[in-house]
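Here the structure is laid out as structure tokens; the discussion comes afterwards.
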Number of protein chains: 2
Amino acid sequence: MNFNIKAIISILGLLMGLNGAFMLLCLPVSIYYGDGDWPALLIAGLITLSLGAIAWVLTRKQENGGLKKRDGYLVVTLGWLSLSVFGSLPYIISGEIPDFSSAFFETISGYTTTGASVLNDIESIGKGILMWRSLTQWIGGMGIIVLTVAILPILGIGGMQLFVAEAPGVTPDKLKPRITDTAKRLWLIYLGLTVTEAILLKIGGMNYFDSINHALTTMATGGFSTKQASIAYFTSPFIQYVIIVFMFLAGMNFTLTYFGLHGQLKKVWENEEFRYYFGFTAGFTVLVTIVVFLVTDNSFEASFRNALFQLVSIITTTGFVTADYTAWVPLLTVIFFMLMFIGASAGSTAGGVKVVRHIILLKNSILELRRQIHPAAVLPVRLNKRAVSSEITFNVMAFMIIYFMVFALGAIIISSFGYDFNTSVGAVATCLGNIGPGFGKVGPLDNFAIISSPAKWVLAILMLLGRLELFTVLILFTPYYWTKH
Amino acid sequence: MNFNIKAIISILGLLMGLNGAFMLLCLPVSIYYGDGDWPALLIAGLITLSLGAIAWVLTRKQENGGLKKRDGYLVVTLGWLSLSVFGSLPYIISGEIPDFSSAFFETISGYTTTGASVLNDIESIGKGILMWRSLTQWIGGMGIIVLTVAILPILGIGGMQLFVAEAPGVTPDKLKPRITDTAKRLWLIYLGLTVTEAILLKIGGMNYFDSINHALTTMATGGFSTKQASIAYFTSPFIQYVIIVFMFLAGMNFTLTYFGLHGQLKKVWENEEFRYYFGFTAGFTVLVTIVVFLVTDNSFEASFRNALFQLVSIITTTGFVTADYTAWVPLLTVIFFMLMFIGASAGSTAGGVKVVRHIILLKNSILELRRQIHPAAVLPVRLNKRAVSSEITFNVMAFMIIYFMVFALGAIIISSFGYDFNTSVGAVATCLGNIGPGFGKVGPLDNFAIISSPAKWVLAILMLLGRLELFTVLILFTPYYWTKH
């Protein structure tokens with residue numbers, strides 16, 4: 001095995017160091033609110049920071065020039081895993097979540113921007129720890145941005161090349177873990193949108209703490225809330241609409257947002273994934289609004305807002321809740337279940353399958369019918385007016401098939417712990433899609449506290465698989481990966 | 001449009017004529033049992049036979065030489081539809097199922113070998129009509145044999161070329177609706193196995209009527225029973241084992257059975273689809289037997305028999321029932337739901353996706369991971385030690401994707417009529433997969449009598465789509481199909 005182990009450890013050390021620094025950022029919050037958790041945050045932060053710093057210092061002088069492609073798969077998976085292991089320290093040391101399985105579940109649910117939570121009394125948790133919980137999602141979102149624009153395309157994962165060709169200043173040359181200019185620009189947008197949302201939420205009537213926390217977890221399409229009732233707690237329509245807008249923005253390709261902010265709105269509208277993402281959301285909003293208006297006592301505005309909020313929350317894989325989508329009518333339960341397999345735009349912080357893949361699958365399905373009649377004709381899928389290579393279409397189909405296989409296997413395993421059909425398929429769909437709320441006993445008004453430890457580990461693995469576009473993790477389980485070559 | 005309309009009508013006429021003749025076959029049964037339905041069978045038979053004969057006589061002198069590929073799609077879809085329309089006459093005229101939607105549902109459920117039934121008091125139905133009901137499935141099975149060995153390969157549907165290359169004496173030349181020698185040979189096997197099973201069931205203690213009916217619907221992987229309780233009515237283990245064996249045989253590629261009967265057992269075992277089909281059934285039987293034994297009071301033998309019966313029934317898409325698979329534990333509910341997406345062998349009378357497609361999908365998924373590491377390597381899926389062309393793998397993936405799309409759309413439509421999540425997804429999965437029993441309100445102990453007329457029509461379309469391998473029907477809805485070329 002010719003891995004560049006030094007370089008791998010160096011990056012993991014850097015990640016851990018940054019992670020530890022973020023933990024220490026929560027220290028003043030804890031002290032300010034006097035929740036008593038500051039020693040835990042200090043200890044966890046110092047442990048993580050020092051271990052990271054030691055690893056980085058010991059390995060930073062590299063003999064050869066950085067990572068190779070094969071190292072990339074390992075560093076990404078190990079990166080998310082090590083963040084999740086050390087990120088759970090504040091929960092454990094403070095005793096807010098003493099059990100390691102639960103703490104790890106909560107942490108990986110954060111870093112993967114899933115938002116499934118084991119907490120069933122969030123208001124009782126110290127503010128410093130809640131801040132850390134929100135930050136894990138925001139850090140996860142940052143990680144996803146650099147992953148999608150700078151790493152996955154080079155690893156050749158699932159058609160990611162497609163959208164990156166659009167990104168400013170990215171040349172997919174040799175994999176080097178430098179944070180590219182692109183990632184830096186997109187991070188700036190990410191930060192800017194987070195600050196803007198926090199200000200708007202404060203204006204809307206949230207306190208500073210809640211507005212910052214919800215802004216952090218909105219932009220990460222994470223969905224952790226500081227309230228057990230999620231956004232249903234904040235009855236202000238202004239607050240709910242602000243969150244809807246920012247969830248939608250967080251589900252947009254950040255590269256497009258970059259163009260949009262530079263006044264190139266035509267470029268945004270010409271992007272097919274954006275138009276499908278927008279049209280899809282709009283279309284379902286019309287349908288769901290009508291149904292909700294008919295079956296509830298809500299006013300038309302409240303029906304529209306509830307429909308739109310739940311739809312954008314699920315499509316963007318955020319997972320905030322203002323109403324129980326499983327309590328309306330079966331039609332909406334089925335629709336929300338199917339929507340868990342959509343996901344928002346590639347290049348956003350959203351998890352799941354992604355709209356661009358569905359566009360390719362849909363167009364290819366229609367073309368495949370045409371190919372039956374004209375077997376000799378070359379009929380490539382066209383995206384943004386360019387032909388998509390058959391290799392990419394092939395890869396996107398394989399991705400979707402593997403996604404369903406992982407879903408089926410996951411549901412079988414979770415149901416083997418005794419959870420009913422709806423709970424099992426709901427928990428697996430929501431964790432694999434990095435969404436948050438599911439169905440049955442893990443529905444929008446429930447949480448994952450009732451899930452047993454072994455099942456939590458299975459769901460944690462599913463979150464990681466979904467977040468890292470399946471291939472990145474699954475490749476590590478093939479013998480070919482480990483063969484010297 | 002340059003369809004060979006004369007030739008199309010000629011074939012449809014021939015099919016209808018044969019269909020009418022089969023109706024008249026039920027006449028003596030009705031008279032013998034004195035159920036009073038003989039006038040209905042006579043009238044329906046004469047109408048169908050005469051219309052068919054007229055159509056055939058008027059069009060049989062064809063100027064040009066038979067059907068072209070494009071005519072093929074139309075004739076197959078119209079064939080199944082016209083059989084189902086006229087096949088529902090005996091139910092309607094006799095008044096046993098007076099409502100056209102229900103009668104059509106029952107009939108297309110027959111011809112597509114699905115076995116979903118609207119009858120909720122089967123024992124009250126006249127024996128002549130029940131005989132007709134069983135015959136619709138047996139005729140459907142005959143149709144599927146000729147379709148898969150002689151027509152679909154030429155239409156280029158979903159990798160069907162793959163297994164037909166194995167069939168004796170098939171040369172996929174110009175599409176001509178002559179019943180090939182191969183089809184004749186396989187029909188002989190189909191008939192022979194049906195007779196053998198009927199004799200064994202009679203020996204096991206069934207009366208002549210029940211043994212013939214169940215033999216007809218077993219070999220068609222249809223699953224219509226003459227008893228409301230399905231095979232649970234027949235408590236004899238011998239009868240249940242006989243049915244298990246013949247369901248399994250009906251789910252085998254008939255070409256392989258042909259080789260097996262000619263002593264070429266090595267050829268059977270060397271066939272990869274057979275080995276997966278066998279291994280898959282065996283593996284799940286071990287798992288399900290253990291679970292059933294643990295959670296019920298059944299003896300080990302009864303647990304094994306119940307597990308094996310339900311598994312073989314669902315995998316082969318037959319749909320007979322001896323126990324309620326939704327009443328055991330959630331794990332088994334989830335497993336049986338997932339199994340609805342498997343289907344048995346290509347070239348059998350089974351519906352659904354088919355094992356061979358799953359082999360290709362599974363192998364390709366593993367290879368796709370390897371292709372990420374070695375993008376330049378050419379790594380084709382290998383089946384029966386031969387490389388599968390990437391076009392076929394591509395097509396199989398597209399088939400599976402379209403299958404899921406149709407499933408999702410179907411479930412949304414069915415749930416819009418107000419049926420709960422489990423009933424909706426269960427009804428769609430079982431109808432699209434041509435199985436029979438579903439989940440929720442259409443579970444193994446229930447029937448489709450409670451389903452509203454509009455929902456019945458949707459499910460009927462799904463049965464037809466599933467039975468005709470999706471493409472054959474969907475192609476008719478593309479504009480390209482209807483463009484002159």
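Overall shape: oblate for the range A:76-120, with the ratio a/c of the largest to smallest alpha carbon gyration tensor axis at 1.5 or above and b/c at least equal to a/b. Between the listed residues A:G192, B:I145, A:I414, the Cα displaced farthest toward the positive end of the dipole of the protein assembly as shown, a dipole computed from Cβ unit charges relative to the Cα centre, is found at B:I145.
Listed values for the range B:314-325 are Karplus-derived 3J(HN,Hα) couplings in whole Hz (6.51 cos²θ - 1.76 cosθ + 1.60, θ = phi - 60°), namely 6, 4, 7, 6, 6, x, 5, 9, 10, 7, 8, 5, and x replaces Gly and Pro.
Near B:P380: Cβ cut-off under 11 Å, other residues only, Lys/Arg at +1 and Asp/Glu at -1. The net charge is +3.
If the only charges are +1 at each Lys and Arg Cβ and -1 at each Asp and Glu Cβ, what is the size of the charge dipole of chain A around the Cα centre, to the nearest 20 debye?
Computed about the Cα centre, the dipole is about 1740 debye.
Taken one residue at a time, the phi angles of the range A:112-123 give Karplus couplings (6.51, -1.76, 1.60, θ = phi - 60°) of 8, 6, 7, x, 6, 10, 8, 7, 10, 8, 4, 5 Hz. Gly and Pro are set to x.
For the range A:30-139, applying the loop criterion from DSSP together with a ceiling of 15 other beta carbons within 10 Å to the GluC sites (Glu not before Pro) yields A:E63. Take every pair of alpha-carbon atoms less than 8 Å apart whose residues are at least six positions apart; their mean separation over the length of chain B yields a relative contact order of 17 percent. Each part gets one Cα centre, and for the range A:46-111 versus the range B:311-333 those centres are 45 Å apart. Accessible surface for the protein assembly as shown, divided over its residues, is 36 Å² per residue with a 1.4 Å probe.
Positive contributions from Lys and Arg (+1) and negative ones from Asp and Glu (-1), summed over other residues with Cβ under 13 Å from the Cβ of B:F309, come out at -1. The separation of the range B:446-480 from the range B:375-397, counted between C-alpha centres, amounts to 31 Å.
Hey, what's the Kirkwood Rh for chain A if you take every pair of different alpha carbons, in angstrom? 22.7 Å is the Kirkwood radius here. Under a model in which nothing but the beta-carbon of Lys, Arg (+1) and Asp, Glu (-1) is charged, the range B:60-135 shows a dipole of about 580 debye around its Cα centre.
Dividing the mean sequence gap of close Cα pairs (under 8 Å, 6+ apart) by how many residues the range A:58-158 holds gives a relative contact order of 25 percent. What net charge do the residues around A:V292 carry, taking every other residue with its C-beta under 15 Å from that of A:V292, with Lys and Arg at +1 and Asp and Glu at -1? Once all neighbours under 15 Å are counted, the net charge is -2. Rounded to the nearest 20, the size of the Cβ-charge dipole of the protein assembly as shown about its Cα centre is 3460 debye, with Lys and Arg at +1 and Asp and Glu at -1. Would the protein assembly as shown count as rounded, prolate or oblate if I go by the C-alpha gyration tensor, calling it rounded below 1.5 in a/c and otherwise prolate when a/b exceeds b/c, oblate otherwise? Taking the square roots of the gyration eigenvalues as a ≥ b ≥ c, the protein assembly as shown is prolate. Of the residues A:V353, A:S303, A:T322, the one whose Cα sits farthest towards the positive end of the charge dipole of chain A is A:V353 (charges of +1 on Lys and Arg Cβ, -1 on Asp and Glu Cβ, taken about the Cα centre). In the range B:311-353, comparing the full protein assembly with the chain on its own, the residues that lose 30 Å² or more of accessible surface at a 1.4 Å probe are B:P330, B:L331, B:V334, B:M338. Nonpolar atom fraction for chain B, defined as the carbon and sulfur part of the 1.4 Å probe accessible area, stands at 69 percent. Is the range A:202-347 best put as rounded, prolate or oblate by its Cα gyration tensor, with a ≥ b ≥ c the root eigenvalues, rounded for a/c under 1.5, and otherwise prolate when a/b is larger than b/c, oblate when not? Judged from the Cα gyration tensor, the range A:202-347 comes out oblate (a/c at least 1.5, b/c at or above a/b). Considering only alpha-carbon pairs that sit under 8 angstrom and 6 or more positions apart, the relative contact order computed for the range A:342-437 is 24 percent.
Only protein heavy atoms count here; on that basis, with a 1.4 Å probe, A:Y480 has an accessible area of about 60 Å².
What total accessible area, in Å², is buried where chains B and A meet, using a 1.4 Å probe and rounding to the nearest 100?
In total, this chain pair buries about 4700 Å².
For the range A:383-399, a decrease in accessible area of 40 Å² or greater in the assembled protein chains relative to the isolated chain, with a 1.4 Å probe, applies to A:F394, A:M397.
The values are calculated or read from the model by the stated rules, or taken from the named source; none is laboratory data. On a predicted model such as this, the values are computed, not experimentally measured, just so you know. Backbone-built Cβ (ideal geometry, glycine too); neighbour counts: all protein chains shown. Ligands, DNA and RNA are excluded from the accessible area calculation, which covers all protein heavy atoms including side chains. Shrake-Rupley method; radii C 1.70, N 1.55, O 1.52, S 1.80 Å.
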